[in-house]
Structures are given as C-alpha cells and as structure tokens.
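Values quoted throughout were computed directly from the atomic coordinates according to the rules given, and no laboratory measurement underlies them. None of the values given here were measured: they were computed from a predicted structure. We place every Cβ from the backbone using ideal geometry, glycine too, and count neighbours over all the protein chains shown.
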Amino acid sequence: MGIIIEAEHYRTVFHPAFETLKQKHFPHDPDDHLILHRSEIINRRGLFRILLDPDKEELFNTDFLVFISLHNYYVIAVVIDKKYHREKYGTAAYHPYHFCLVLMLERYAGFLSHEGSTGDVMAESRGRVEDQQLSGAYHNIWNTGTFYRPPSFFQNALSSRKLKLKPKSANIAGVQFADLLAHPIKQDILLEKGRIASLGGVFGPKICTAVRPKYNRHLYQGRIKGYGRIFLG
C-alpha cells in the first residue's frame with residue numbers, strides 16, 4: 001500500500017488533522033504517541049476499547065470516512081498471490097515484498113515525472129534483517145533500474161538514493177493511514193479477481209468506496225487498473 005502526499009499538504013494539513021482525529025475519539029496525553037494500528041483497533045485493545053460503545057464506534061467510523069474523502073493524496077495498491085508466484089517461477093521467483101516495491105516505485109516515479117516533481121520514499125520498519133533486504137532492493141532499483149525502466153527514470157524522480165525506514169512507534173501519519181487502508185483494499189482487489197466470495201463486514205466496503213477517487217490513474221484514459229490497483233497472480 002502506497003500513499004502519495006505532497007509534502008507541504010502533509011506537514012500543514014494532513015498530519016495535524018490526523019492527530020486531531022485521534023485526539024477527538026481516543027483522548028490521550030499528547031506527549032504519548034497514540035498509534036492507529038488496525039489490529040489493535042479491530043480487537044479493541046487499550047484506548048480503543050472505547051469503540052465497544054456502538055455510538056462511539058459509529059462516530060469514529062463516520063469521521064474516518066470523512067478524513068479519507070477530504071484530503072489530497074493518491075493511492076497505489078499492489079496485491080501479489082505469493083503461492084502462485086512461487087509455483088510459477090520456482091527458485092527464480094522474486095521476493096514478493098520486493099517485487100511489489102518495484103511495481104510501486106515504477107508508478108510513483110512515473111507520477112512524479114509527470115508532475116515535474118521529486119519525492120521521498122518512506123516504508124515501515126519490519127525488523128533488522130527485513131529492513132536491510134528492503135533497503136538493498138530499493139538501492140538496486142536506484143542503481144540499475146528495472147526490466148521496464150532505466151536507472152535514470154528513478155534517479156530523476158526520487159530525491160534520495162536511500163530508503164527511509166520508520167517504525168510504527170515513530171507516529172508517522174502516512175504510515176498509519178496506509179496500514180488502515182491496506183486490508184480493506186486488498187480484500188476489494190481479491191473480490192474483484194474472484195479470489196474471495198465477499199468483503200466481509202460492512203465498514204471495509206465503505207472505506208473502499210471512499211478511497212475510489214484517490215487511486216493513481218492513467219493520465220489520459222483515467223484507468224485505475226495497472227496504475228492505482230495492481231494484481232499479480
């Protein structure tokens with residue numbers, strides 16, 4: 001799940017509004033970061049126990065949908081069927097997480113090129129070994145490019161040869177937001193591809209509907225498939 005947000009909008013609008021959303025529904029000491037982590041919200045852990053109250057849950061859900069619709073950003077979602085990928089390519093199979101990174105960076109760099117802009121890339125830290133591997137994959141893309149794009153394509157668009165990595169505890173609004181969107185959008189793509197029978201629940205489909213206008217699209221045709229929604233499998 002990738003979220004593209006213009007830096008000034010992120011600093012002055014998106015991040016403050018995200019903190020306001022958290023403080024409104026889960027009052028806490030502002031010196032103690034509250035991280036909106038999907039699994040903790042779903043399981044009503046800690047401060048999220050407040051959502052056991054149906055009225056408060058409805059208020060939070062409503063405000064979150066408004067937040068999704070209100071702000072300026074673009075979404076790139078990549079879903080890979082890892083089992084299919086391994087069976088098809090065997091020992092030559094590309095690391096699925098890194099393969100998703102390639103596809104996401106190709107589209108992100110294309111977006112930046114069209115806008116005449118440059119951009120950073122930040123990912124959520126997943127552990128020392130995983131971080132080293134992902135940083136290496138990013139470095140390879142920067143240095144050698146991909147099958148479809150030369151290194152200059154990325155070097156002209158990406159502002160750093162190094163991948164930024166931050167843990168959940170760093171309270172990065174964009175990382176938390178991506179975490180909250182990732183599961184329902186993944187389910188929506190799997191449903192579209194006939195891999196699951198239903199989305200399950202009622203709030204996930206509402207999130208998917210709210211996100212729909214935010215997908216990265218083909219510049220002239222407005223097509224989302226292959227640009228904002230990519231499925232490998």
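Positive end of the dipole of the chain (Cβ unit charges, origin at the Cα centre): among 21, 210, 79, the Cα lying farthest that way belongs to 79.
At a 10 Å Cβ-Cβ cut-off, how would you order 154, 26, fewest neighbours first? Could the numbers behind the result be given before it?
On the way: 154 24, 26 18.
Fewest to most other Cβ atoms nearby, the residues stand as 26, 154.
When 28, 15 are sorted by how many other C-beta atoms sit within 10 angstrom of their C-beta, beginning with the fewest, the order is 28, 15.
Using 0.36 nm per residue and subtracting the Cα-Cα separation, the extra length available between residue 232 and residue 50 on full extension is 61.7 nm. Once backbone amide H atoms are built at 1.01 Å from N, residue 125 has 166, 168 as its partners under 5 Å, excluding neighbours fewer than 5 places away on the same chain.
Computed from point charges on the beta carbon alone (+1 for Lys and Arg, -1 for Asp and Glu), the dipole magnitude for segment 161-233 about its Cα centre is near 380 Debye. Other residues with beta-carbon under 10 Å from the beta-carbon of residue 97 carry, at +1 per Lys or Arg and -1 per Asp or Glu, a net charge of +1. Only lysines eight or more places from residue 206 in sequence, or on another chain, were considered; those with a Cα closer than 23 Å are 22, 24, 56, 186, 193, 214, 225. Using only the Cα atoms of segment 177-233, build the gyration tensor, take square roots of its eigenvalues as a ≥ b ≥ c, and label the shape rounded, prolate or oblate: rounded if a/c is under 1.5, else prolate if a/b is larger than b/c, else oblate. Judged from the Cα gyration tensor, segment 177-233 comes out oblate (a/c at least 1.5, b/c at or above a/b).
Give, as ranges by residue number, the residues of segment 93-114 whose backbone N falls under 15 Å from the point 7 Å along Cα→Cβ of residue 219. Residues 107-114 fall inside that zone. Please name whichever of 224, 160, 48 sits farthest to the positive end of the charge dipole of the chain, dipole taken about the Cα centre and charges placed at Cβ: Lys and Arg +1, Asp and Glu -1. Positive-most Cα among the choices belongs to 224.
So if R0 is 45 Å, what FRET efficiency would residue 38 and residue 118 give, r being the distance between their Cβ atoms, rounded to the nearest 0.05?
Working: r = 31 Å, r/R0 = 0.68.
E(calc), rounded to 0.05, equals 0.90.
Summing +1 for each Lys or Arg and -1 for each Asp or Glu among the other residues whose beta-carbon sits under 11 angstrom from that of residue 196 gives +1.
Quick one: of the DSSP bridges fully inside segment 2-232, what percent are antiparallel, nearest 5? Display every interim value, and only then the final one.
Values: 3 of 13 bridges.
In segment 2-232, approximately 25 percent of DSSP beta bridges are antiparallel ones.
Taking a ≥ b ≥ c as the square roots of the eigenvalues of the Cα gyration tensor, segment 70-124 is classed as prolate, since a/c reaches at least 1.5 and a/b is larger than b/c. With the helix formula -39500 (n - 2.57) applied to DSSP H stretches of n ≥ 4, the chain reaches a computed 222 nm mean residue ellipticity of -15000 deg cm²/dmol.
Taking other Cβ within 10 Å of each residue's Cβ, how do 209, 12 sort, fewest first? Spell out each step's value before the answer.
Details: 209 14, 12 10.
Least to most surrounded, the residues fall as 12, 209.
Ellipsoid fit via the Cα gyration tensor, the chain: semi-axes of 30, 21, 18 Å, each the root of five times an eigenvalue, largest first.
At R0 = 45 Å, how high is the FRET efficiency between residue 81 and residue 29 if r is their beta carbon distance? Nearest 0.05 is fine. Step by step, r from the Cβ atoms, then E = 0.55. Comparing 102, 66, 211 in a Gaussian network model of the chain (Cα springs below 10 Å), the most mobile by mean-square fluctuation is 66.
Alpha carbon centre of segment 32-64 versus segment 109-173: separation in Å? That distance is 31 Å. Anisotropy class assigned to segment 112-231 is oblate, per the alpha carbon gyration tensor with a/c at or over the 1.5 cut-off and a/b no larger than b/c.
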